[in-house]
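Here the structure comes first, spelled out in structure tokens, and everything after it is commentary.
The values are calculated or read from the model by the stated rules, or taken from the named source; none is laboratory data. Computed from a prediction, not measured in an experiment: that's the story for all the values here. Cβ atoms come from the backbone with ideal geometry, glycine included; neighbour counts cover every protein chain shown.
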Amino acid sequence: MATWDLRRLQLHFEKREAHNIYLVYGEDSFLIDEVLKLIKDKVLSSGAIDFNFDQFYASDASASQVRDTIEMLPVMCERRLVFFKGVHALKEKEWETLMPIIENPVESTVLVLVADKIDKRKKFAKKVAETGVMLELKIPYENQIPVWVDYIAYNHQLELPREVIALIHQLVGNSLSEINSEMTKLKQYVGDRKNVTQEDVYQVVSRAKVENVFDLATAIGRKDRVRALSCLSNILENGQNEVGALAMILRHVRILAALQDGVKKGLSGPKLSAKAGVPSFFLKDYLQQSRAWSHQKVVKTIRSLHETDRAMKTSPISSHIWLENFIIQTCQ
């Protein structure tokens, strides 16, 4: 069976019942939670949850304990639901304990295995692909984030105009989990009011990440290696992981490139903001920085960021080292 995504699962549930086994994997906890909620709502009614839902973590539950629970009959409903999280940490011996369940799923139980990442070459992954469904939850591309911001806002009963969506994307970045967290704060702040303004966002969402990326870009533009490494450290200390930090830096430099191209074409004001995808009140700061970077510097940095991204995803070397190497190279 082919690997699914969240949308395919949603479409499947509109017409059919749940499968007996799912292997859900991805690095964004928001997407994981969305899938688990979707499966839970599909499999169990609210009245059946207390007696027919179990959740285990690989860090503190044995595979045999999970297997025993899977084999239990449901209570006063058709199916039992079991979540087993963190299975990327399971040893081969523990997988062997679960293999009979994976090879011959228990008809009265829906088992959901959850992992950060998996090796599709492993026996258990190949077998799940045969008997169940594999769901790969990829981090959305840059141009897909605004749609996700709108979707998350809708889940919180909030309505966001385009400029507010752009502002949240600018301040928070590409992490759906962090966007959801900030949306929760916004909902608490506005109360019963549905419409969210830019002023609301400024009151609730921290500008620290954007300011840190601005500082980093300024340091790179000046070839100030020490300052750039310090800015990178600040970004990571603010809770952004290496992949997220790289995405933020890449987005920032792409904005500089878009502004340079827009100015060259004679754009200004709202049209230039729209082309670059930034709120209008950030335009002045971005323009000032885009003028300090040569076009050649922008192109070279974007190329280096893509190379760093590939290295981080394929190399056994620490992602932090690759990021530092990127800083050293671009500050030469």
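Scanning the stretch 85-97 turns up one or more residues that are in contact with a Phe, Trp or Tyr (Cβ under 8 Å, 6 or more places away or on another chain) and buried (at least 17 other Cβ atoms within 10 Å of the Cβ). For the residues Val213, Val243, the requirement of being among the β-branched types (Val, Ile, Thr), out of contact with any Phe, Trp or Tyr (no Cβ under 8 Å at 6 or more places or on another chain) and over 20 Å from Lys297 (Cβ atoms) singles out Val243.
Criterion applied to Ser29, Ser46 was being exposed (fewer than 13 other Cβ atoms within 10 Å of the Cβ) and modelled with pLDDT under 95, and the one residue passing it is Ser46. Take the residues in the stretch 192-221 that are of a type in the set (A, V, I, L, M) and within 22 Å of the chain's Cα centre (by Cα); name whichever of them is surrounded by the fewest Cβ atoms within 10 Å (Cβ to Cβ). Filtering the stretch 192-221 for residues that are of a type in the set (A, V, I, L, M) and within 22 Å of the chain's Cα centre (by Cα), the one surrounded by the fewest Cβ atoms within 10 Å (Cβ to Cβ) comes out as Ala208. Among the residues that make up the stretch 106-113, is at least one of them under 22 Å from Ala18 (Cβ atoms) and surrounded by fewer than 19 Cβ atoms within 10 Å (Cβ to Cβ)? Within the stretch 106-113, one or more residues are under 22 Å from Ala18 (Cβ atoms) and surrounded by fewer than 19 Cβ atoms within 10 Å (Cβ to Cβ). In the stretch 255-332, counting only helices (runs of 4 or more DSSP H) that sit wholly within it, the ones holding 2 or more residues that are of a type in the set (Phe, Trp, Tyr) span 319-330. Would you say Gln332 is in contact (Cβ under 8 Å) with a residue 12 or more places away in the chain and closer than 23 Å to Ala208 by Cα? Answer is no for this residue. Would you pick out the residues in the stretch 270-290 that are small (Gly, Ala, Ser), under 23 Å from Tyr202 (Cα atoms) and touching a residue at least 12 places away in the same chain (Cβ under 8 Å)? If the condition is that a residue be small (Gly, Ala, Ser), under 23 Å from Tyr202 (Cα atoms) and touching a residue at least 12 places away in the same chain (Cβ under 8 Å), then Ala276, Gly277, Ser280 are the ones that fit. Scanning the stretch 149-158 for residues that are among the β-branched types (Val, Ile, Thr), at pLDDT below 90 and more than 22 Å from Arg80 (Cα to Cα) turns up nothing.
Among the criteria (1) under 23 Å from the mean Cα position of the chain (by Cα); (2) buried (at least 21 other Cβ atoms within 10 Å of the Cβ), the one Asn234 does not fulfil is (2).
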